[in-house]
Structure formats: structure tokens, C-alpha cells
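The values are calculated or read from the model by the stated rules, or taken from the named source; none is laboratory data. Remember, predicted model here, so these are calculated numbers, not experimental data. Here the Cβ is made from the backbone with ideal geometry for all residues, glycine too, and neighbour counts use every protein chain on show.
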Amino acid sequence: MGKGPLSGVRVIELAGIGPGPFAAMLLADLGADVIRVDRASAAKPGRATGGSDFTNRGKRSIAVDLKSERGKEVVLGLVEKSDILLEGFRPGVTERLGIGPDDCLARNPKLVYGRMTGWGQQGPLAQSAGHDIGYIAITGSLHAIGRAGGPPQVPMNLLGDFAGGSMYLVVGVLSALLESKTSGKGQVVDAAIVDGTAHLTTFIHGFLAGGMWQDERGTNMLDTGAPWYDVYETADGRHMAVGAIEPQFYAEFVRLLGLEDEEGLPGQHEQQRWPEMRDRFAAAFRTRTRDEWAKIFLPSDSCVAPVLSLREAYDHPFNTERDVFVERGGRRQPAPAPRFSRTAAETDGIPVLPGGQSRDVLTDLGFDDVDGLLESGAVVQS
């Protein structure tokens, strides 16, 4: 198993849902020693779950009663021996538990304290519940996704939770960790999904400011407004994805689609004739199956690819030859990313169960009276 570029970095993850666990998984994939602090109740007989939650892969779990004084001291003891802490509770919760930023930085001044929320630590919605769909709605991002004349289309929870949330939390805590090596001081990283999602749209806002983007979905170059950036149904009811933006790629796309010599085909940027162009493309795609078109277009510089299902993606030759997905513990899952030339990242792919490594963590980190902590219920071994 590769060590990964974050070998030697220890991360404490206060168990939560969604973007927090994914951020911690990414750090674990990259070689960090991630210790997940689960609630003691999650490790009791008959309660332990998570065998297929891949975001818990590559970690160790210790189950702690966070409401007990001894349990709180265990967490602060972990903090003393760690570089990063990640938490995803509502603002103020960890402070009430006695493990907030001030408590932790008092025990470890170099600690990077990463906070993951939807609305941020301050503001009128900071104490409100929410989910991905609401966060991307309030940033304008959801409004921009969909076809002309239709409702906004929900991009699962990839845009808000994981792109606008997890990835910005990871960038934030690693940046703060790097800075702490010079300053000798830790700090708090406030990663809000609304902030990250808005930041992701910077490119589009530039187009909007320059008059090259309409604030109306399905009418622009990259939102299915252009017929050469869209998906088309094939003869077998499946789909091909077309992204032939540049003129040379568009020319190759038209050639391989069989329309190069067709009379009257509108020019690529004759926007008033885009509906006609779309109809011509759609009719052509309906003459063959998806897999037949895939053989024609791949590989080429046409910027066209088959739309695969999640399970189909496992076995596509490109993905298998590059090991985009790996099999670990008898289950297929995405491989760690990105890739490194010298410190290759690896994962055992096995999700930890709550409290599965409680005793090992306490022993490894040098805690006194391990048996007493377990017997008292402050820490639970599942």
C-alpha cells in the first residue's frame, strides 16, 4: 500500500454526514492518518453500520461519549497529537460540547480546525437546517442548470456538498496546515457550501459580466443552448454526449456524424438556425445505437463520448486500462485521485465501522488507563 503525500499528517474527524466524511476520506486516500470520532451509541451491539459507505474507507474509528467529561478529555487528547480537526455540526455545537476552536487551540496551538457547514458560521441562515439543493439554489447555480423553457435540473448533490463543500474544506485545511509550518500557529477554516458553490461559478459570472451569457438557462453555449454541446438519443434509447466547441473539433464531429457533405447544414455559430441544426444532429444519432456511435467517435478529436450508467462505467476500456475504479474488499469503487509520480496514493477501500479501532487508537496514541476508559463507557469498542 502506498504511503501517499500526506503520510505523517494526523486528522481528527468528528463524525457527521455528507461533505465532512468525504473530505476526510480524500485526506485518508492521500495518506493521512484519519481518526474518525463516532458517537458511543453508534458502536453499541446491533447499531454499528457503514459497511458500504466508501467515504469511511482508509480511516480508524474511535467511539466516544462526547457528553461525558472523560469523553471530552479523550477528544482533546487526540487533538494534542493531531494536525487537523474536521467537524460539520451547526455553529456553536462543538463549543457547547467543550471541543470548540478555543478549547482545541488551547491544547494544540498549531491545530487547523476545519468547519463544514452549508450556510457558514455567521449570517442570517447560519442556524437553519439545509441541504445541497437549497445551498446551490441560493447561489444562483441551480437556476442556471436545465433546458430552455423547463425547470431547473438537480445535479444530484455533487455540485454543493462535494464540489462546493468537501473540496473547499480540503483546500482550506491543507492551505492552513502549510501556513502553520511557517507561522507555528493554527487557525479556524470556515468552509461553507454556499461560498464554495458561488466560487465555482466564477467562470460563468465572468461571461455574464462580459455580456456573453444570458441569465436564462438552456440558452447559452455550455447549458444545452448550443446544439453542439448537448446529449442526443441513439437508436437503442441510450445517449451520446457532444462537446464540440472549437471549430476543428466541431468539423471532426460533423464529419464522423456523416453530415460533412450535407447541403444546407447551418454554420456552427448561426444561432438563429440552431433549432434546425439540432434536428439534423438528432436525426443522425437515431440511425445507430450508442455503442455503434462510440466505436465511430472514440478515439477521435470530435469531443463526443457515450453516456454510461454508473455500473457500465466500471467496465469501459478507458476506465479499466487507467484503473479509474478499483476493487477492494470485493466491491468496486472510485480510485484515489489525483495521481502522484513519487508518493502514490492508495486505499484499502474498506469502510470502518463505528468504534472498530477504539482500543487500538487509544493505545497507539499513548493514552493512560485504556481499560478504564472502555469500562467507564467514555469510549466504546465495537
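The criterion of being surrounded by fewer than 18 Cβ atoms within 10 Å (Cβ to Cβ), within 25 Å of the chain's Cα centre (by Cα) and not in a helix (DSSP H, G or I) does not hold for SER175. Do we have ALA191 as more than 30 Å from ARG278 (Cβ to Cβ), of a type in the set (Gly, Ala, Ser) and within 17 Å of the chain's Cα centre (by Cα) here? Criteria met by ALA191. Which condition breaks for ILE17 when tested against (1) in a strand (DSSP E or B); (2) touching a residue at least 40 places away in the same chain (Cβ under 8 Å); (3) among the β-branched types (Val, Ile, Thr)? With (1) in a strand (DSSP E or B); (2) touching a residue at least 40 places away in the same chain (Cβ under 8 Å); (3) among the β-branched types (Val, Ile, Thr) applied to ILE17, the lone miss is (1).
The residues in segment 189-240 that are loosely packed, with under 15 Cβ neighbours inside 10 Å and either within 30 Å of ASP83 (Cα to Cα) or touching a Cys at 6+ places or on another chain (Cβ under 9 Å) (or both) can be counted, and the count is 1.
Screening GLY114, GLY123 for residues that are more than 22 Å from the chain's Cα centre (by Cα) and either surrounded by fewer than 20 Cβ atoms within 10 Å (Cβ to Cβ) or not charged (D, E, K, R) (or both) leaves exactly one candidate, GLY123. If we scan segment 271-282, do we find a residue that is farther than 30 Å from VAL326 by Cα, at pLDDT 95 or above and small (Gly, Ala, Ser)? There is at least one residue in segment 271-282 that is farther than 30 Å from VAL326 by Cα, at pLDDT 95 or above and small (Gly, Ala, Ser).
Rundown of residues vs (1) under 26 Å from LEU26 (Cβ atoms); (2) among the aromatic types (Phe, Trp, Tyr); (3) in the same structural domain as ARG57 (by TED's automatic domain parsing); (4) out of contact with any strand residue (DSSP E or B) (no Cβ under 9 Å at 6 or more places or on another chain), yes/no style:
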| position | (1), (2), (3), (4) |
| --- | --- |
| ARG342 | yes, no, no, yes |
| THR347 | yes, no, no, no |
| ARG359 | no, no, yes, no |
| GLY366 | no, no, yes, yes |
| LEU373 | no, no, yes, no |
| SER376 | no, no, yes, yes |
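Applying the criterion of at least 2 residues that are closer than 30 Å to ARG278 by Cβ to the helices (runs of 4 or more DSSP H) found wholly in segment 48-162 leaves 132-138. Among the residues making up segment 126-150, those that are of a type in the set (A, V, I, L, M, F, W, C) and surrounded by 15 or more Cβ atoms within 10 Å (Cβ to Cβ) are ALA126, ILE133, ILE136, ALA137, ILE138, LEU142, ALA144, ILE145. If only residues of segment 1-41 that are out of contact with any Gly (no Cβ under 7 Å at 6 or more places or on another chain) and at pLDDT below 95 are counted, the one that is farthest from LEU362 (Cα to Cα) is GLY18.
Applying the selection to segment 312-340, what residues are charged (D, E, K, R) and either touching a residue at least 60 places away in the same chain (Cβ under 8 Å) or in the same structural domain as SER41 (by TED's automatic domain parsing) (or both)?
Residues satisfying the conditions are ARG328, ARG331.
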